[in-house]
Amino acid sequence: MSIQYNGLGIDPEHLPHIFERFYRSDTSRTRKYGGSGLGLAITKSIVDAHKGSIEVSSELGKGSKFTVTLSK
C-alpha cells in the first residue's frame, strides 16, 4: 500500500531520522501547530510488529510517498 502526500516534501538530510521517536524535521513548529514526532515512529512499530516494512521517497517541493509492505 502506498500513500502519497503532495506537500512540501522532506529534506534529504532528515529522511534517515523520520521514523525516530520525537523527531521533527521542522524545528520551527511548536506543539501547538505541529505534532509531537511520534506518528511515524508508532507507524513503523506497528509495521515491524507485523513483520513488514515501510519506506519513504521524497522530493522537496513535490511531496512524499510512503510505501508499507506487509508479509502474508
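The values are calculated or read from the model by the stated rules, or taken from the named source; none is laboratory data. Treat the numbers as computed from the prediction; the structure is a model and nothing was measured. Glycine also receives a Cβ, built like all others from the backbone with ideal geometry; neighbour counts cover every protein chain displayed. Ligands, DNA and RNA are excluded from the accessible area calculation, which covers all protein heavy atoms including side chains. Shrake-Rupley method; radii C 1.70, N 1.55, O 1.52, S 1.80 Å.
Where the accessible area of the chain is counted over protein heavy atoms with a 1.4 Å probe, how much of it, in %, is carbon and sulfur?
55
Using a probe radius of 1.4 Å on heavy atoms only, what accessible surface per residue do you get for the chain? Whole Å² is fine.
In whole numbers, the chain has 78 Å² accessible per residue.
Mind grabbing the base-10 log of I(q)/I(0) for the chain at q = 0.15, 0.16, 0.20 Å⁻¹? Debye formula, identical points on the C-alpha positions, no solvent, two decimal places.
Debye curve over Cα of the chain, log10 I(q)/I(0) at q = 0.15, 0.16, 0.20 Å⁻¹: -0.52, -0.59, -0.90.
Cross-chain or 8 or more residues apart, Cα under 29 Å: how many lysine pairs in the chain fit that? Count them up, please. List each step's numbers first, then the result.
Working: Lys32/Lys44; Lys32/Lys62; Lys32/Lys65; Lys44/Lys62; Lys44/Lys65; Lys44/Lys72; Lys51/Lys65; Lys51/Lys72.
The result is 8.
Any idea what angle helix 39-49 forms with the longest principal axis of the chain, computed on alpha-carbon atoms, 0 to 90 degrees, nearest 10?
The answer is roughly 10 degrees.
Treat each spin label as a single point 7 Å out from the Cα along the C-beta direction, and report the Phe22 to Leu70 distance in nm.
Between Phe22 and Leu70, the simple spin-label model gives 3.0 nm.
What distance in nm lies between label points placed 7 Å from Cα along the C-beta direction at Ile42 and Ile3?
1.1
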